[in-house]
Amino acid sequence: MSGAPSFLGAAEVEASLPRASLLLAPLEAALADFSKGGAGGVVQPVRTVVPIRNYSGFLGVMPAYSANEDALTTKLVTFYENSKDPTVPSHQATVLLFDPSNGSLRAVMDGSVITAKRTAAVSAIATKLLMPANSEVLCILGAGVQAYSHYDIFTELFAFKEVRIWNRTEERAQKFADSVAGPVRVCSSAQEAATGADVIVTVTMATKPILHGEWVKPGAHINAVGASRPDWRELDDDIMKNAMLYVDSREAALCESGDVILSEAEITAELGEVLLGTKPALREKTTVFKSLGMAIEDTVAAKLVFDSWSAST
């Protein structure tokens with residue numbers, strides 16, 4: 001490999017990854033490889049997070065290598081809680097793709113599209129494994145980027161009869177409902193949205209619980225995607241202590257997730273262990289998938305994007 005690295009902006013990434021469902025097979029393989037430990041060929045430390053206290057921001061560094069994919073990447077992601085500029089997203093990401101044989105930088109690519117789609121695809125994998133049979137009602141709490149990516153893949157893969165949305169700012173929830181392809185019911189409270197739902201997705205900026213156990217239908221499945229810091233919460237103790245808890249990474253959940261740490265909830269299994277068949281999918285129980293997002297997910301997604309882009313240029 002010689003010469004300057006390729007640059008793939010958001011438009012090129014989107015064109016190379018038009019649907020998050022294209023990631024399902026490689027992500028299932030990556031999750032299983034991760035849960036095999038050393039035998040799976042995944043090298044991935046827990047992300048390094050650098051606080052930028054002057055601006056209420058964080059920089060996350062997420063490297064990973066997959067021997068099976070022969071892919072090496074690092075994602076750099078910034079998160080600013082209270083951005084003063086509404087034109088600047090709260091989350092921004094860049095993925096660096098290297099040639100694992102010699103360390104050359106092959107590509108610099110927009111990581112925001114990758115993050116949105118791989119996160120939603122992993123939630124869809126968890127939902128496929130854990131949601132109750134004959135699920136009809138989907139509830140989404142939050143109306144940001146992740147709400148859109150989850151809506152897209154969930155309505156593609158599953159046959160929900162009703163989709164509900166709630167957001168702290170009702171205008172954003174209404175904008176979401178007006179801009180997606182299918183009918184969505186805008187709810188005036190999180191309780192209204194969640195009550196009776198079979199599958200709940202929490203994709204909020206919350207630092208304190210916004211979903212309470214008394215609202216959750218027994219046997220429902222929850223994908224908890226927000227609250228990625230050890231002192232932030234989306235779910236209350238009632239949910240965390242009484243549901244079967246699934247995670248992407250035990251190690252990450254026990255040091256990064258406030259929902260897990262502060263509730264002292266017991267982890268049932270990693271998603272990869274369920275995919276491997278070494279741990280059960282207890283879909284008859286109330287289940288929570290606590291998603292923190294792993295670097296290996298970005299690695300396989302970035303490789304797929306780069307391979308697709310290279311084949312078309």
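Computed from the coordinates by the stated procedures, all read-outs in this text should not be read as laboratory data. Since this is a predicted model, take the numbers as computed values, not measurements. All Cβ positions, even for glycine, are placed from backbone atoms using ideal geometry, and neighbour counts span all protein chains on display.
Odds and ends about this structure:
- Computed over region 1-95: relative contact order in percent, which uses C-alpha pairs under 8 Å that are six or more apart: 16
- Restricting the calculation to Cα atoms, every distinct pair contributes to the Kirkwood radius of region 212-260, found to be 11.3 Å.
- Two numbers describe the Cα atoms of region 1-157: Rg and Dmax, which are 17.1, 54 Å.
- The chain: most fluctuating residue of ALA147, ALA252, ALA133 per GNM, C-alpha cutoff 10 Å: ALA133
- A straight Cα-to-Cα reach below 29 Å connects LYS285 with the lysines LYS36, LYS117, LYS128, LYS161, LYS208, LYS217, LYS241, residues fewer than 8 places away in its own chain not being considered.
- Put in order of Cβ neighbour count within 10 Å, fewest first, the listed residues CYS187, CYS139 become CYS187, CYS139.
- Dipole magnitude for region 119-295: computed about the Cα centre from +1 point charges on Lys and Arg Cβ and -1 point charges on Asp and Glu Cβ, it is near 220 debye.
- Once the Cα-Cα distance is subtracted from the 0.36 nm per residue extended length, the ALA15 to GLU81 segment shows a gain of 20.8 nm.
- Gaussian network model of the chain, Cα within-10 Å springs - most flexible of LYS303, LYS175, LYS285: LYS175
- Cα→Cβ-extended label distance, 7 Å offset, between GLU192 and LEU59, nm: 4.4
- Between GLY213, GLY38, GLY293, the residue with the greatest mean-square fluctuation in the GNM of the chain (Cα pairs under 10 Å linked by springs) is GLY38.
- The relative contact order of the chain comes to 20 percent, based on Cα pairs under 8 Å that sit 6 or more residues apart.
- Look at the alpha carbon pairs under 8 Å that are at least 6 residues apart: their mean separation over the length of region 119-295 gives a relative contact order of 23 percent.
- Annotation for ALA39 and THR313: the two label points, set 7 Å from Cα along the Cα-Cβ direction, are 3.9 nm apart.
- Stokes-Einstein translational diffusion, region 1-69 - Kirkwood Rh over all Cα pairs, 1.002 mPa s, 20 °C, in µm²/s: 140
- Using alpha carbons only: equivalent-ellipsoid semi-axes of the chain, gyration tensor based, whole Å: 30, 22, 19
- Taking a point 7 Å from the Cα of LYS175 along the Cα-to-Cβ direction, the residues of region 86-106 with backbone N closer than 20 Å to it are 86-93.
- Each 10 Å bin from zero up to the one holding the largest Cα-Cα distance in region 119-295 carries the following percent of pairs: 11, 43, 37, 9, 0.
- Between LEU105 and CYS255, the modelled label-to-label distance comes to 2.7 nm, taking each label 7 Å out from Cα in the direction of the beta carbon.
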